[in-house]
Amino acid sequence: MNLLQCVQKLAARFEQADLFYGHGTDNAWDEAIYLVFTVLGIAFEQEPQEGDDLTLETQEISEADLKHIQALAEQRIKLRLPMAYLVKQAWFAGLPFFVDERVLVPRSPIAELILSQYEPLLESAPNRVLDLCTGSGCIGIATALVFPSAQVDLADISVDALAVAQRNIEQHGLTDRVRAIQSDLFSGLLGTYDLIVSNPPYVSADEVAGLPAEYHHEPVLGLVSDDDGLAIPLQILRNAPAFLSEHGMLVLEVGYSWELLARRYPDLPVLWLDFDSGGEGVFAISRDALIRAVW
Ligand SMILES: C[S@@+](CC[C@H](N)C(=O)[O-])C[C@H]1O[C@@H](n2cnc3c(N)ncnc32)[C@H](O)[C@@H]1O
């Protein structure tokens, strides 16, 4: 079987199986490409499109690789496991990250902000950055790579998640300036940061219960927050000023809980960010604005 036939066959199979997409891809074709290309170690830029001059048609897949791909595809369908957990790799801000069930599959729209070096939010490149609720470390590590002089702390309450983050720090060659710290929100942290960026849990337990099966393979600790999802984001907002430097900035994702937050605290002077590649519920607020705000 050639590579194109394999992708077509898998895409049809995924389509039939009525999978849920939302962990890196949003359709059966891309999911099949994700699987086949990752197993074969092919760069995603080589993706064949229907109607193209399909050079990959001539590339044969070995019997062993085909068996491996088919076995993973069956697990994807039967167990409804996100593909990232099966191939142990997720892409974020154009970078590969090791992932498994100890961490959420990276998908935050903050990736787009990182690639634009947080334009136009920061007055200058930050010296100290905190990625709070770091999971795989994707946000902090990608931020470290766009700010080559920054010292970056990756904080999470979960020792399991931090083991994955540490593996990614090493994979990206950043052990000299990125460290993984166990901390219940800010409790284990010292000093101030020029930038605090966080994609914390912000989904209510009821909503999580109603999510498609794929989400139930992710750590509950990474998703659920009390008070209709707002408990952890509000704790971060209240405590951030003490951990921000004079001109420091907080970037916080609250996803679709943004409506509730905006309704409850209409006077909180946050700047909601727009993303070209989709996603919502991320805002920025400076230390100064947070301190002066009455909310
Ligand atoms: C939504 S996941 C985000 C992971 C990563 N930032 C990303 O964007 O893929 C939230 C993370 O917050 C961590 N977490 C939950 N409660 C926490 C707390 N009280 N203090 C620190 N981290 C916490 C979870 O372990 C999980 O790794």
Failed condition for residue 100, given (1) under 16 Å from residue 197 (Cβ atoms); (2) of a type in the set (D, E, K, R); (3) assigned to a loop (DSSP other than H, G, I, E, B): (1)
Set 50, 119: member being more than 11 Å from the chain's Cα centre (by Cα), part of a loop (DSSP other than H, G, I, E, B) and modelled with pLDDT under 95: 50
Any hit, segment 139-150, residues being over 20 Å from residue 255 (Cβ atoms), at pLDDT 95 or above, within 15 Å of the ligand (Cβ to nearest atom) and surrounded by 24 or more Cβ atoms within 10 Å (Cβ to Cβ): yes
Inter-residue pairs, beta-carbon under 7 Å, first free of Cβ contacts under 8 Å to residues at least 40 places away in the same chain and in segment 26-38, second acidic (Asp, Glu), 6+ apart: 28/15; 33/47
Unmet requirement for residue 26, which otherwise passes all of (1) over 20 Å from the mean Cα position of the chain (by Cα); (2) part of a loop (DSSP other than H, G, I, E, B): (1)
Where a residue in segment 136-148 is within 11 Å of residue 174 (Cβ to Cβ) and its partner, wherever it lies, is of a type in the set (Phe, Trp, Tyr) and within 8 Å of the ligand (Cβ to nearest atom), with Cβ under 9 Å and at least six apart: 141/92; 142/92
Members of segment 183-231 that are hydroxyl-bearing (Ser, Thr, Tyr), within 14 Å of the ligand (Cβ to nearest atom) and either in the same structural domain as residue 18 (by TED's automatic domain parsing) or part of a strand (DSSP E or B) (or both): 198
Any hit, segment 66-78, residues being assigned to a loop (DSSP other than H, G, I, E, B) and out of contact with any Pro (no Cβ under 7 Å at 6 or more places or on another chain): no
Failed criterion for residue 131 (all others in (1) surrounded by fewer than 24 Cβ atoms within 10 Å (Cβ to Cβ); (2) assigned to a strand (DSSP E or B) hold): (1)
Boolean, residue 276 is touching a Leu at 6+ places or on another chain (Cβ under 9 Å), touching a residue at least 12 places away in the same chain (Cβ under 8 Å) and either acidic (Asp, Glu) or outside the structural domain of residue 142 (by TED's automatic domain parsing) (or both): no
Matching residues, segment 106-131, being small (Gly, Ala, Ser), out of contact with any Phe, Trp or Tyr (no Cβ under 7 Å at 6 or more places or on another chain) and more than 13 Å from the ligand (Cβ to nearest atom): 116, 124
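The values are calculated or read from the model by the stated rules, or taken from the named source; none is laboratory data. This structure is a prediction, so every number in the text was calculated from the model and none was measured. So basically every Cβ, Gly included, is an ideal-geometry build from the backbone, and we count neighbours across all protein chains shown.
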